[in-house]
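*Asks:* Once you've had a glance at the structure underneath, I'll fire off some questions.
No lab work stands behind these numbers, since they all come straight from the coordinates. Please read these numbers as outputs of a predicted model, since none were measured by experiment. Here the Cβ is made from the backbone with ideal geometry for all residues, glycine too, and neighbour counts use every protein chain on show.
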Amino acid sequence: MKSLLPGLLALLACLTSCKRIEAKLDRLARLAGITVAQPDRPKLAPTEEKLTPEQEALESRLKGSAVFETAAPEPPEPAEKPFELNKSSVVAILGYHDFRERGGSPMIIAASKFSEQMKAIKESGIPVIPLSDVLEWRKGRKNIPEEAVVITMDDGWEGVYTHAFPVLREHGFPFTVYLYKKYVNIGGRSLGWEQIREMMKHGCEIGSHSVSHESLRQKKGRTPQDQQLWLLSELKDSKEFLERNLGVTCTSFAYPFGIFDDSITELSLQLGYETLVTVNNQKVTWDSPMGKLGRYIIHGENDTNFKLATSFRGRGDVSSNRFLTASAKDAQGQSLIDLSPAPDELVSDRQPLIRANLARLGAILPETLKMRVAGLGVVPAQLDAASLVVSYRLPTRLRRQDCAVTLSFKRAADQPDEVVSWRFKVDLPAAYVPVKLP
Ligand SMILES: [Zn+2]
């Protein structure tokens, strides 16, 4: 340690003299009227804005950098990471059973009714996503839309192939079919392997619905040991049977009759199921346990559950509102509503002005106008009564790639609510290009 001391002292002396020389040069330069170039620095976020932890770290590093003025400037780092997980998404999982020409019972829906429901979802602009996306989201690997619908069907009725599949394919909607081993490819009204494989080529995912479709709860007359063995086979055999025959990994399970308890859920998770769906009429959020994801069973004879499922955050459901799609056109082929940013537009401004020109609709009732922005809820948008332009400037910079906007209004008191939904994207990598100093 002693031997290092002279070296350290010499280094300190050198640093102090460097500092002194630098100060002298600076003074000389000022006298001569020359501006000394300073190393480029990343621009700081405006001070009135709340800083993120990353921005705070960057700022404190910059403050401290006065000590190291002679050091080479570090390349500016992005103040935030481009990918940020959106934990505010809400998903409605719909559960259907059988589809027939004529329906109207709790477990059988008429093909025409199902078709109307899918059309209403399509026109609402609420995206339909595969169940596997919900899993990816919950694993923190990807974002899903702020509001989304998942479509599932239990039991493996042939009506899935003959009536539902053509409609889903037409709309490009993904879906999940839950099959139970004893009712696959056995003729009658069961789905055959070829039908299943064909649907899998067009957005169909496969989940297990047990071996026998019996309630998984303890049966009278079975010893606890027998029950455990039986439960194991219901969960494991059905999974392996589907995986072997279809060449996919089966990670989802629908409890027969929606009946389960904690021990059943725990065993299922241990066996490799990652999403388990119930029948409890609840939406799925970031906090929903993966072992009991809420699901709405859609009955053929009434619309109650469909309406509950497709109303998000206190808005009316997809069938009670009159939805205008963002791309709706008038008789002359002109857009009914001009939107900015346009639907699916990629913008580089992270704090864009959101505008909707409603002039071509004629009149609207100003007091019924509401603009909702994903993550912000209802925002105080301004309506210019003369031009019928609604506008709203985002108060803070967008931190996500996807921004969904919903505008609702009435044209007259006796008219239904109309809703227009659209989303635009923020080109986050472009928005993070370091700002050049003058
Ligand atoms: Zn079932």
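*Asks:* Would you kindly calculate the mean projected area, averaged across all directions, of the convex hull enclosing the Cα atoms of the range 260-383, in square nanometres?
*Replies:* Average projection, Cα convex hull of the range 260-383: 12.5 nm².
*Asks:* Quick check on my link table: of Lys122/Lys201; Lys87/Lys139; Lys283/Lys425, which ones sit more than 18 Å apart, alpha carbon to alpha carbon?
*Replies:* Result: Lys122/Lys201; Lys283/Lys425 exceed 18 Å.
*Asks:* Computed FRET efficiency, Cβ-Cβ of Thr249 and His202, R0 25 Å: what is it to the nearest 0.05?
*Replies:* With R0 = 25 Å, the Cβ-Cβ based efficiency is 0.85.
*Asks:* Continuing with this model, one more query. Check which residues have an amide H placed less than 5 Å from Tyr178's amide H, if you skip close sequence neighbours.
*Replies:* Met153, Asp154, Asp155, Gly156, Gly207
*Asks:* If you don't mind, another one. Give the long-range amide H neighbours of Ser190: residues separated by 5 or more places, or on another chain, with amide H under 5 Å away, using H modelled in the peptide plane at 1.01 Å from N.
*Replies:* Here the answer is Glu158, since their amide H atoms fall under 5 Å of that of Ser190.
*Asks:* Could you work out how far apart the two model spin labels at Leu232 and Ala359 are, taking each label as a point 7 Å from the Cα in the direction of the beta carbon, and quote it in nm?
*Replies:* Label-label distance for Leu232 and Ala359, simple model: 7.4 nm.
*Asks:* Could you work out how far apart the two model spin labels at Ser348 and Ser387 are, taking each label as a point 7 Å from the Cα in the direction of the beta carbon, and quote it in nm?
*Replies:* Rounded to a tenth, the inter-label distance reads 2.5 nm.
*Asks:* Moving to a separate point now. From the C-alpha gyration tensor of the range 315-385, pull out the three semi-axes of the equivalent ellipsoid (sqrt of 5λ each), sorted largest to smallest, in whole Å.
*Replies:* 20, 18, 14
*Asks:* So, one more: Can you tell me the Rg and the Dmax, both Å, for the Cα atoms in the range 107-179?
*Replies:* 13.1, 38
*Asks:* Additional query: Could you check the spin-label model distance between Glu116 and Asp414? Points 7 Å from the Cα along Cα→Cβ, value in nm.
*Replies:* Spacing of the two 7 Å Cα→Cβ label points: 2.3 nm.
*Asks:* For the range 402-410, take each phi angle, set θ = phi - 60°, evaluate the Karplus expression 6.51 cos²θ - 1.76 cosθ + 1.60, and give the result in whole Hz per residue in order, putting x for glycine and proline.
*Replies:* For the range 402-410, the Karplus-derived couplings read 10, 10, 9, 10, 10, 10, 10, 6, 10 Hz, x marking Gly and Pro.
*Asks:* Rounded to whole Hz and in sequence order, give me ³J(HN,Hα) for the range 257-262 from the Karplus expression 6.51 cos²θ - 1.76 cosθ + 1.60, θ = phi - 60°, writing x for Gly and Pro.
*Replies:* Going residue by residue, I get 6, x, 9, 7, 9, 4 Hz, with x marking Gly and Pro.
*Asks:* For the range 195-211, in order, what is each residue's ³J(HN,Hα) by Karplus, 6.51 cos²θ - 1.76 cosθ + 1.60 with θ = phi - 60°, in whole Hz (x at glycine and Pro)?
*Replies:* Once θ is set to phi - 60°, the couplings for the range 195-211 become 4, 5, 5, 5, 5, 5, 6, 10, x, 8, 9, 10, x, 9, 10, 5, 8 Hz.
*Asks:* What Rg and what Dmax come out for the range 323-431 when only alpha-carbon atoms are used, in angstroms?
*Replies:* Cα only, the range 323-431: 13.9, 47 Å (Rg, Dmax).
*Asks:* Which residues' amide hydrogens lie under 5 Å from the amide hydrogen of Leu376, considering only partners 5 or more residues apart or on another chain, with H built in the peptide plane?
*Replies:* Answer set, sorted by chain and number: none.
*Asks:* Treat the count of other C-beta atoms within 10 Å as a stand-in for reagent exposure and order Lys220, Lys182 from fewest to most.
*Replies:* Lys220, Lys182
*Asks:* Next question. If you look at just the Cα atoms of the range 239-332, how large are its Rg and its Dmax in Å?
*Replies:* When restricted to Cα atoms, the range 239-332 yields Rg and Dmax of 18.2, 62 Å.
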